[in-house]
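The values are calculated or read from the model by the stated rules, or taken from the named source; none is laboratory data. From a predicted model like this one, the values you see are computed outputs, not experimental measurements. Backbone-built Cβ (ideal geometry, glycine too); neighbour counts: all protein chains shown. The accessibility values were calculated without ligands, DNA or RNA, using every heavy atom of the protein model including side chains. Shrake-Rupley method; radii C 1.70, N 1.55, O 1.52, S 1.80 Å.
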Amino acid sequence: MTIATLDPVLDRLARFTHAPMPVVSLYLDLSGNAQGRQTHEAFLDEAFAEPSATYASDSTFRDALARDAARIRQYLASELDASAARSLALFTCNGGEELFEAIPLDLPLEGHLLYVDDEPHLFPLARAAEQYATYAALVVNTNAARLFVCATGAVQHSETIENVKTKSVAAGGWSQARYQRHVEDLHLKHMKEVAEAVERTVRVEGVRAIILSGEAQAIALLRKQLHDTVDALVIDVMRLDVTAREHDILAATLAAFRRNDEETDREVVEALLDAYRSRGLATVGPTGVRAALDRGQVDTLVVPAAPGTLATDHASATLPATPSGDASRRLDEALVEALVTEARRTGAGVRFIEDAALLEHASGVGAFLRYRV
């Protein structure tokens, strides 16, 4: 599943509130342990036992949870193509009668998590949607280009654009100058075709960033053909050959994409604090952010990617339950979880900050606003 298709799923799940029965949110790492063996079966046995024990033996909630466990095992046994997924996010309620959404992902998750609450827990999925957002990787020279659309940590599809081959010597009595102009015209035509392909990909795929690689001469010529709004999406220029293996191109460009995301975090937080100090379109701290979300004011929520050291006013948010399987996760993550879910519910964007210390002067969380009241 691509991020482009993941966004509507997140929005749909965020709107699933006030369920009549417990909602199960399950995140599984399908990569296996050091010996290559799957560990999620043992995890499920233990993880479901903990919340089930909190209900009376004749409780309808306990029965619903048992149906959820059975539905999940059925999916894992007969419906999931484990060879095509490195992880799984799954949401179900009342054995799938109220809700069933299974999302295989070709990206890593750190361990297993199971939440039982009155609404879906979206933080890990929303985090993945940003961390592995859609970007375009282009490797180009004056005769060929390979364009890759990458999302969820994998190449989703690719396309090759080839130029008419030119020979190194003139033929048919052409003068060297005339032949050189002919070659340059072919190169320019090729770059215009490549630029059109890139711009079409940006428009159709919702590309967030572009990473260029290849011959310096070809890249310089290409960028002159790109529309300014598309060229502004270029975040890095690398030195990969057009014949490089797809796996190597993905690894190098994904690392560059992640590096750029971390480097721009500081700029985002500084812009947030500047806007707040000048009484502009920003607010900081859990109380202010929660109030802005309730009013639908938030344009972009800014939260730590790894909550845990957040200075919070816990009364400012509805606090979901602690997930099974990870006792180290503290109340602060529950607060951020609630804020992220509400942001998705109100159509706000979410920006995750890798270094939580950057948000120290924002009391841990902040938001850019659509308007002031």
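Worth pointing out:
- Meets criteria (crowded, with 17+ Cβ neighbours inside 10 Å and at pLDDT 90 or above) for Ala145: yes
- Residue match in the range 39-48 (condition: within 27 Å of the chain's Cα centre (by Cα), hydroxyl-bearing (Ser, Thr, Tyr), open to solvent by less than 70 Å² (accessible area, probe 1.4 Å) and over 15 Å from Glu97 (Cα atoms)): yes
- Hits in the range 281-292 - residues which are open to solvent by 20 Å² or more (accessible area, probe 1.4 Å) and in a loop (DSSP other than H, G, I, E, B): Leu281
- Filter result for Leu233 (over 24 Å from Val202 (Cα atoms) and at pLDDT 95 or above): no
- Of all residue pairs spaced 6 or more apart or on separate chains, those with beta-carbon atoms under 7 Å, a first member in the range 91-110 that is of a type in the set (Gly, Ala, Ser) and a second member that is part of a strand (DSSP E or B) are Ala102/Leu88; Ala102/Leu90.
Table: residues versus (1) surrounded by fewer than 21 Cβ atoms within 10 Å (Cβ to Cβ); (2) hydroxyl-bearing (Ser, Thr, Tyr); (3) out of contact with any strand residue (DSSP E or B) (no Cβ under 6 Å at 6 or more places or on another chain); (4) at pLDDT 90 or above.
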| position | (1), (2), (3), (4) |
| --- | --- |
| Leu90 | no, no, no, yes |
| Gly111 | yes, no, no, no |
| Gly153 | yes, no, yes, no |
| Gly172 | yes, no, yes, no |
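- Members of the range 348-364 that are under 25 Å from Gly296 (Cα atoms), touching a residue at least 60 places away in the same chain (Cβ under 8 Å) and surrounded by 18 or more Cβ atoms within 10 Å (Cβ to Cβ): Val350, Arg351, Phe352, Ile353, Leu359, Ala362, Gly364
- Residue match in the range 293-306 (condition: open to solvent by 30 Å² or more (accessible area, probe 1.4 Å) and part of a helix (DSSP H, G or I)): yes
- Checking Ser158 against (1) of a type in the set (S, T, N, Q); (2) crowded, with 19+ Cβ neighbours inside 10 Å; (3) at negative phi, the condition it does not meet: (2)
- Any hit, the range 74-81, residues being in contact with a Cys (Cβ under 8 Å, 6 or more places away or on another chain), surrounded by 12 or more Cβ atoms within 10 Å (Cβ to Cβ) and under 22 Å from Ala19 (Cα atoms): no
- Only residues that are in a helix (DSSP H, G or I) and farther than 28 Å from Val350 by Cβ were counted in the range 184-228, giving 24.
- Out of Ser78, Ser57, Ser83, sole residue that is free of Cβ contacts under 8 Å to residues at least 12 places away in the same chain and under 27 Å from the mean Cα position of the chain (by Cα): Ser83
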